[in-house]
Amino acid sequence: MLYGVVEEHLESFYRALGEHGTTLPAFAHAEFERYLRCGRLEHGFVRVKCTGCRHEHLVAFSCKCRGLCPSCGARRMAETAAGLVERVYPRPRASVGAVLPLAATLGRSPRARLCSPGCSGW
């Protein structure tokens, strides 16, 4: 749906910006153009072949945009999450904590001064 809206209205959007005396930054213009070429076989592809059954499949090149393209953004997000799971989270972490009795913590509370004079804590 987004692709159809961008494809249909991009030129009129550029014209409307021109009528108001402004333009898009070069990187934003390039992002729109790459998005419109993303996943289209006529803009480049690679042929992959299964070594077992010899079946061939065409895979279109992607735009690798981060901001506009939902499929490339989702792919990048999945790759980042997989990298975090593989490289960051498996590392063992030591966690040290202390448990204090409730009576010992009530007087140290930052809210202790907000209590009434008859209250010894919260």
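The values are calculated or read from the model by the stated rules, or taken from the named source; none is laboratory data. Computed from a predicted structure; not experimentally measured. A quick note on method: Cβ atoms are made from the backbone with ideal geometry, for glycine too, and the neighbour counts reach across all protein chains shown.
Among S109, S116, which is the only one that is surrounded by 10 or more Cβ atoms within 10 Å (Cβ to Cβ), modelled with pLDDT under 80 and not hydrophobic (A, V, I, L, M, F, W, C)?
Exactly one of S109, S116 is surrounded by 10 or more Cβ atoms within 10 Å (Cβ to Cβ), modelled with pLDDT under 80 and not hydrophobic (A, V, I, L, M, F, W, C), namely S109.
Residue by residue through segment 30-46, note down the ones that are in contact (Cβ under 8 Å) with a residue 12 or more places away in the chain and exposed (fewer than 13 other Cβ atoms within 10 Å of the Cβ).
Residues satisfying the conditions are L41, G44, V46.
Just one of (1) in contact (Cβ under 8 Å) with a residue 60 or more places away in the chain; (2) surrounded by fewer than 10 Cβ atoms within 10 Å (Cβ to Cβ) trips up M1, so point out which.
Only one criterion is unmet by M1, namely (1).
Of everything in segment 54-96 that's over 29 Å from the mean Cα position of the chain (by Cα) and modelled with pLDDT under 70, which residue is farthest from E31 (Cα to Cα)?
Looking at the filtered set, the residue picked out is V96.
Show the residue pairs meeting these rules: Cβ distance below 7 Å; 6+ apart or different chains; first residue within segment 5-24 and free of Cβ contacts under 8 Å to residues at least 12 places away in the same chain; second residue in a helix (DSSP H, G or I).
So the pair list comes out as T23/L17; L24/L17.
Just the residues that are assigned to a helix (DSSP H, G or I) and among the aliphatic types (A, V, I, L, M), please, taken from segment 40-94.
Of the residues in segment 40-94, the ones assigned to a helix (DSSP H, G or I) are 41-43, 70-87.
If the condition is that a residue be assigned to a helix (DSSP H, G or I) and among the aliphatic types (A, V, I, L, M), then L41, A74, M77, A78, A81, A82, L84, V85 are the ones that fit.
Just to be sure, is Y35 among the hydroxyl-bearing types (S, T, Y) and at pLDDT below 80?
no
Given the conditions (1) of a type outside the set (D, E); (2) surrounded by 10 or more Cβ atoms within 10 Å (Cβ to Cβ); (3) at pLDDT 85 or above; (4) within 25 Å of the chain's Cα centre (by Cα), report the number of the one that P25 does not fulfil.
Failing condition for P25: (2).
Those residues that are acidic (D, E) and under 12 Å from C65 (Cβ atoms), I need them from segment 1-47; list them, please.
E31, E33, listed by residue number.
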